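This report refers to the structure that appears directly beneath it.
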């Protein structure tokens with residue numbers, strides 16, 4: 001489903017950029033194969049903490065957590081799988097962070113990985129169509145805008161251990177090398 005900025009209400013998109021000192025392949029692998037290692041342990045959908053977070057490596061695959069009690073908690077699905085260039089995920093967690101299986105009520109994450117050299121990559125992150133979550137989407141967008149800074153900073157630290165992570169109040173789009181913006 002193509003994205004048209006004119007179709008979303010103003011401010012219904014969250015964009016972040018990371019500049020990392022690692023290869024594009026490495027950044028893509030860390031993002032997709034090690035999410036359970038970098039995702040903040042306090043951010044889970046189940047009643048108990050997660051043991052791992054998995055992305056099935058194919059278009060149509062599931063994106064879900066496995067709790068410490070081995071229960072699965074769905075987050076969304078893989079909309080596009082194009083390693084190591086791009087990953088698109090559906091986000092089915094609405095304003096209360098409860099799973100809603102209706103794809104028409106899901107927002108999208110579009111993560112692209114751009115090689116700037118052998119050991120430098122720009123990661124562009126866009127969480128769009130937040131308005132699809134319905135009532136309360138404005139507050140959800142606010143929470144996501146701040147929340148993604150911390151979540152992506154954890155990804156950056158694992159992908160690029162030398163990363164200097166930007167403070168949570170960093171202005172969007174003003175990333176320095178190794179920083180989440």
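The values are calculated or read from the model by the stated rules, or taken from the named source; none is laboratory data. Worth saying up front: this structure is predicted, and the values here are computed from it rather than measured. Positions of Cβ are backbone-derived with ideal geometry, glycine not excepted, and every protein chain shown enters the neighbour counts.
Could you grab me the full set of residues in region 108-122 that are surrounded by 15 or more Cβ atoms within 10 Å (Cβ to Cβ) and farther than 27 Å from residue 62 by Cα?
The one that is surrounded by 15 or more Cβ atoms within 10 Å (Cβ to Cβ) and farther than 27 Å from residue 62 by Cα: 120.
Can you find even one residue in region 25-44 that is at pLDDT below 95 and surrounded by 18 or more Cβ atoms within 10 Å (Cβ to Cβ)?
Yes, that holds for at least one residue.
As an exercise: evaluate residue 135 against (1) modelled with pLDDT under 95; (2) crowded, with 21+ Cβ neighbours inside 10 Å and give the number of the one condition it does not meet.
Against the list (1) modelled with pLDDT under 95; (2) crowded, with 21+ Cβ neighbours inside 10 Å, residue 135 comes up short only on (2).
Select the strands (runs of 3 or more DSSP E) contained entirely in region 17-100, then report the ones holding at least 2 residues which are more than 15 Å from the chain's Cα centre (by Cα) and under 20 Å from residue 140 (Cβ atoms). Give the derivation first.
Values: elements: 50-55, 62-67, 72-82, 86-91.
Of the strands (runs of 3 or more DSSP E) lying wholly inside region 17-100, none has at least 2 residues that are more than 15 Å from the chain's Cα centre (by Cα) and under 20 Å from residue 140 (Cβ atoms).
Return the total of residues in region 109-167 being within 15 Å of residue 35 (Cβ to Cβ), out of contact with any strand residue (DSSP E or B) (no Cβ under 8 Å at 6 or more places or on another chain) and outside any helix (DSSP H, G or I).
Of the residues in region 109-167, 0 are within 15 Å of residue 35 (Cβ to Cβ), out of contact with any strand residue (DSSP E or B) (no Cβ under 8 Å at 6 or more places or on another chain) and outside any helix (DSSP H, G or I).
Could you tell me whether any residue of region 110-129 is under 17 Å from the mean Cα position of the chain (by Cα), modelled with pLDDT of 95 or more and at positive phi?
Filtering region 110-129 down to residues under 17 Å from the mean Cα position of the chain (by Cα) leaves 110-114, 121-129.
Remaining after also requiring modelled with pLDDT of 95 or more: 110-114, 121-129.
If we keep only those that are at positive phi too, we end up with 129.
Among the residues of region 110-129, at least one is under 17 Å from the mean Cα position of the chain (by Cα), modelled with pLDDT of 95 or more and at positive phi, which makes the answer yes.
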